[in-house]
Amino acid sequence: MSARFVLEPSRREVVRTIVPGRVAEVLVAEGQSVVAGEPLVRMQNAQIDAGRTRSQEEFALTGVQRVQAQLTQADLSSVSQEHARAGVERTIAQEETEQLAPSAPMAGTVMTSHLRDLAGTYLDAGATIAEIGETDQMRARMFVLEYAVPRVQYGARVHLLVDGRFSPATTRVEDLQPAPEALATALVGTKSEKEEGILKYYVADALIPNDGTLHDGMTGTAKITVQRRSVMGLIAKEVREFFDRKVW
């Protein structure tokens, strides 16, 4: 059975800001490979910077006061509490400073275009910075017409041929779910796409290794190995379903 497919990263993660700030430097670009923890941008926030400096100074000051109390054999209780509190505030301030450099949550490829346009802009907390895709493996999303779904089995062998190529990749069906309302670009311009108001689709997923030449959005044709049924088998199935409806 044939079906159109579209490729996408096997996993996607969206990186968002945790604290607000102005983007001082953009460190990556679309298509660039990153490792987990690699900073994507550097932001500036005067309030956070001042808070970090203040917390460091207070921690140092309470440390000196604690040493002086020890030397003079004064009561250490209140001084030690203040030093501990200053230490907690310094840790929080340091974490906020680190959050001014949002980083990649996993190794992968930067999927977002025009990242350089972020330079100089002010971002609120929760603003989207970039999307990272895991591209060592690509997910092929195959669009199967609803009436053909019963013939597609989990683990069925699939041959995937990317448009414009001559050598197919072989894999197996890993998942099968109803397709979203917005059909992928793999179907655009086909007869099936024009009939989308009538026909319903399911999405069969399969993973294939990426040799470095496969990219998000590539399309192609899949050949899915399906269960073969004899004419008598199909007739028997129709008869069973007919009597089941009558009984119901």
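Considering Pro209, Pro178, which residue is at pLDDT 90 or above and out of contact with any helix residue (DSSP H, G or I) (no Cβ under 8 Å at 6 or more places or on another chain)? None of the others qualify; the one that does is Pro209. For region 137-154, the tally of residues that are free of Cβ contacts under 8 Å to residues at least 60 places away in the same chain and open to solvent by less than 30 Å² (accessible area, probe 1.4 Å) stands at 1.
The set of residues from region 129-157 being under 30 Å from Thr112 (Cβ atoms) and of a type in the set (A, V, I, L, M, F, W, C) comprises Ile129, Ala130, Ile132, Met138, Ala140, Met142, Phe143.
Mind checking whether some residue in region 112-119 is open to solvent by less than 60 Å² (accessible area, probe 1.4 Å), in contact with a Lys or Arg (Cβ under 8 Å, 6 or more places away or on another chain), under 16 Å from Arg42 (Cβ atoms) and not in a loop (DSSP other than H, G, I, E, B)? No: zero hits.
For Arg66, the conditions (1) in a helix (DSSP H, G or I); (2) open to solvent by less than 80 Å² (accessible area, probe 1.4 Å) all hold with the exception of (2). All told, Leu76 meets the bar of being touching a helix residue (DSSP H, G or I) at 6+ places or on another chain (Cβ under 6 Å), surrounded by fewer than 16 Cβ atoms within 10 Å (Cβ to Cβ) and among the hydrophobic types (A, V, I, L, M, F, W, C).
The residue that is surrounded by the most Cβ atoms within 10 Å (Cβ to Cβ), among those in region 1-58 that are assigned to a strand (DSSP E or B) and among the acidic types (Asp, Glu), is Glu8.
In region 129-152, is there at least one residue being in a loop (DSSP other than H, G, I, E, B) and of a type outside the set (Val, Ile, Thr)? No, that holds for no residue.
Mind listing just one residue for me: the one in region 93-110 that is of a type in the set (A, V, I, L, M, F, W, C) and open to solvent by less than 40 Å² (accessible area, probe 1.4 Å) and, of those, nearest to Ile48 (Cα to Cα)? Only one residue tops the list, namely Ala93.
The values are calculated or read from the model by the stated rules, or taken from the named source; none is laboratory data. If you're wondering where the values come from, they're calculated on a predicted model, not measured in any experiment. Cβ atoms come from the backbone with ideal geometry, glycine included; neighbour counts cover every protein chain shown. Side chains are part of the model used for accessible areas, which takes the heavy atoms of the whole protein and leaves out ligands, DNA and RNA. Shrake-Rupley method; radii C 1.70, N 1.55, O 1.52, S 1.80 Å.
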